[in-house]
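Enquirer: Sharing a structure below in structure tokens format, with a few things to ask.
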Amino acid sequence: MKRIKTLTQKTLKSTVVKGGCGECQTSCQSACKTSCTVGNQSCEQK
Amino acid sequence: MVHQYKNNGYNIVLDVCSGSVHVVDELVYDMIALYEDHDLEAMKAAIIEKYNDAYSDEDITEAYDDIRELVDSGQLFTEDVYKDVIIDFKKRKTVVKALCLHVAHDCNLACKYCFADEGEYHGQKRELMSLEVGKRALDFLIENSGNRVNLEVDFFGGEPLMNFEVVKEIVAYGRKREKEAGKNFRFTLTTNGMLLNDEVTEFCNREISNVVLSLDGRKEINDMMRPSRNGKGSYDIIVPKFQDFVSKRGDKSYYVRGTFTRNNLDFTEDFKLMADLGFKEISIEPVVTPDSNAYAIREEDIDRICEEYDKLALDIIERRKRGEKITFFHYMLDLNGGPCVYKRLSGCGSGTEYLAVTPTGELYPCHQFVGTEDFKLGDIFNGIQKTELVEEFKLCNVYAKDKCKDCFARFYCSGGCAANSYQFHGTILDAYDIGCKLQQKRVECAIMIKAAMADFDEGE
């Protein structure tokens, strides 16, 4: 595709199957404490 | 749902429900905008009208085929299928996996924007947590954590190092109990740095998996908002301590974390200073406070802040191109390995998975609710009494909030901060509007940085 560069094909849908173990870090324990940022957290199963 | 935007010369297309990100040329960008309510012929007419004969019939057809291919492979215009997931999700049994331990409701600074009122939290007594309460809190966490292995405990305040001896003993107790219970404690600590010394540094670098070091940036900015109780600034005391601490930190995680206010909407300058001081992991967050405070962020500041976020993004790209390993917390984005949908739907877990514990052992949904009597859930000795409130937090997710349902950033912020929503709207099921706009901008910048670095890496 010369007009399109795909940075990620990731489908969130695939994480419905394996996800939800809950072992990942709680977002407010990292550096925020006054907002809510979840998209930048890592999956513990990686 | 698709979100399209232009930033730093990139035409970016985010397919919200799949998480796919595409960088496209002008033609595809315009055609994607037309795609849902135009067929190919209507699209051709619209493109020709806009660009005259800049694109041939073949160009347009080829672009259309590429778009179709992405649609067919589930990377564009994908449906939101997670609304069904949420039904099961509501039935889930939640466990507690993280505590914010308020080991000190007291502070040795008098920061003007402190939501904790220098540790008094809306009129609570200045006091320190006893070791007995700390130990019981860890036991409470283990007892209520079900099968979760990784348990998190954040030492928070006020200033937690004012109760350092108890912090040390709580950690020692945790190390003993985790072996017995088959758990893994991850301790974190948030400090203003005033009491950092060699002993604290050695302890933190051994036991504390992430340390948050509070610094607002430039001396005049930091000292304006973060004075000591006698009115003197804290910058000259804490910066050398932070530098020493970080130099001994090795590869363990830390964040130098600042707050920006209306006084420093040019916060890129604060970021630059922090970076030039040698700090590599940086977070600077907007102050959240009512308009009645002169330093509050207001609606009319949003455009200016968005410009500043662009400026900050460009600075980070330049640094990364030079080989600097620098991270800005809100621009961190793992496009290929981020959190699962469940996590993205449930948000921060306040009131369910994440609770705050006061020095006397009272439980609140999170550190920001401490001292708001209506939100007192119970205590670590008798457990949670207000189960209906826990239920309310459990149901608090992106689909429960009208403002989030159609927002492109909903899988990145997960519905935002419940405490901020309550502060501005009196309910946890709303959203703090200024925070939303800034969060949307940060997501856009974070994706743009990925596009720029992908370009750079290709050119290498």
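The values are calculated or read from the model by the stated rules, or taken from the named source; none is laboratory data. Bear in mind that the values here come from a model prediction, so they are computed numbers and not experimental data. Backbone-built Cβ (ideal geometry, glycine too); neighbour counts: all protein chains shown.
Enquirer: Checking B:LYS93 against (1) within 13 Å of chain A (Cβ to nearest Cβ); (2) in a helix (DSSP H, G or I); (3) of a type in the set (D, E, K, R); (4) more than 26 Å from B:LYS441 (Cα to Cα), only one condition comes out false. Which one?
Expert: It is condition (2) that B:LYS93 fails.
Enquirer: Name the residues in region A:1-16 that are assigned to a loop (DSSP other than H, G, I, E, B) and either of a type outside the set (A, V, I, L, M, F, W, C) or surrounded by 21 or more Cβ atoms within 10 Å (Cβ to Cβ) (or both), would you?
Expert: A:LYS2, A:ARG3, A:GLN9, A:LYS10, A:THR11, A:LEU12, A:LYS13
Enquirer: Considering only region B:145-220, give the strands (runs of 3 or more DSSP E) lying wholly within it that have at least 1 residues that are more than 14 Å from chain A (Cβ to nearest Cβ) and surrounded by fewer than 22 Cβ atoms within 10 Å (Cβ to Cβ).
Expert: Ranges flagged: none.
Enquirer: Given region B:352-460, what helices (runs of 4 or more DSSP H) lie entirely inside it while holding 2 or more residues that are basic (Lys, Arg) and farther than 24 Å from A:GLN29 by Cβ?
Expert: Filter on region B:352-460 gives B:402-405, B:433-459.
Enquirer: If you don't mind, another one. Given (1) within 29 Å of B:VAL103 (Cα to Cα); (2) touching a Cys at 6+ places or on another chain (Cβ under 8 Å), where does B:VAL398 come up short, assuming only one miss?
Expert: (1)
Enquirer: Could you check B:LYS50 against (1) within 13 Å of chain A (Cβ to nearest Cβ); (2) more than 21 Å from B:LYS405 (Cα to Cα); (3) assigned to a helix (DSSP H, G or I); (4) not hydrophobic (A, V, I, L, M, F, W, C) and say which number it fails?
Expert: Going through the list (1) within 13 Å of chain A (Cβ to nearest Cβ); (2) more than 21 Å from B:LYS405 (Cα to Cα); (3) assigned to a helix (DSSP H, G or I); (4) not hydrophobic (A, V, I, L, M, F, W, C), B:LYS50 breaks only (1).
Enquirer: Could you tell me whether A:LYS5 is within 7 Å of chain B (Cβ to nearest Cβ) and in contact with a Leu (Cβ under 7 Å, 6 or more places away or on another chain)?
Expert: For A:LYS5, the condition - within 7 Å of chain B (Cβ to nearest Cβ) and in contact with a Leu (Cβ under 7 Å, 6 or more places away or on another chain) - is not met.
Enquirer: Looking at region B:376-406, which of the residues that are within 14 Å of B:ASP430 (Cα to Cα) and either in contact with a Pro (Cβ under 7 Å, 6 or more places away or on another chain) or among the hydroxyl-bearing types (Ser, Thr, Tyr) (or both) is modelled with the lowest pLDDT?
Expert: Per the criteria, the residue is B:TYR399.
Enquirer: Got a sec? Which of B:VAL28, B:VAL23 is surrounded by 17 or more Cβ atoms within 10 Å (Cβ to Cβ) and in a helix (DSSP H, G or I)?
Expert: B:VAL28
Enquirer: Given the residues B:ASP301, B:ASP236, which is the only one that is part of a helix (DSSP H, G or I), within 23 Å of A:LYS33 (Cβ to Cβ) and more than 20 Å from the chain's Cα centre (by Cα)?
Expert: B:ASP301
Enquirer: Return the only residue of B:THR358, B:THR352 being touching a His at 6+ places or on another chain (Cβ under 6 Å), in contact (Cβ under 8 Å) with a residue 60 or more places away in the chain and not aliphatic (A, V, I, L, M).
Expert: Only one candidate passes the filter, namely B:THR358.
Enquirer: A further question on this structure: Please indicate, with yes or no, whether at least one residue in region A:17-26 is within 7 Å of chain B (Cβ to nearest Cβ), in a loop (DSSP other than H, G, I, E, B) and among the β-branched types (Val, Ile, Thr).
Expert: Yes, region A:17-26 has at least one match.
Enquirer: Shifting gears a bit: If I ask for residues that are more than 7 Å from chain A (Cβ to nearest Cβ) and free of Cβ contacts under 8 Å to residues at least 24 places away in the same chain, which ones from region B:333-349 would you list?
Expert: Once the filter is applied, which keeps residues that are more than 7 Å from chain A (Cβ to nearest Cβ) and free of Cβ contacts under 8 Å to residues at least 24 places away in the same chain, region B:333-349 yields nothing.
Enquirer: Counting just the residues of region B:425-436 that are away from chain A (no Cβ under 12 Å) and crowded, with 17+ Cβ neighbours inside 10 Å, which one comes out nearest to B:GLU392 (Cα to Cα)?
Expert: B:LEU429
Enquirer: Then there's this: So which of B:VAL153, B:VAL166, B:VAL149 ends up being closer than 30 Å to A:GLN45 by Cα and in contact (Cβ under 8 Å) with a residue 40 or more places away in the chain?
Expert: That would be B:VAL153, the only listed residue that is closer than 30 Å to A:GLN45 by Cα and in contact (Cβ under 8 Å) with a residue 40 or more places away in the chain.
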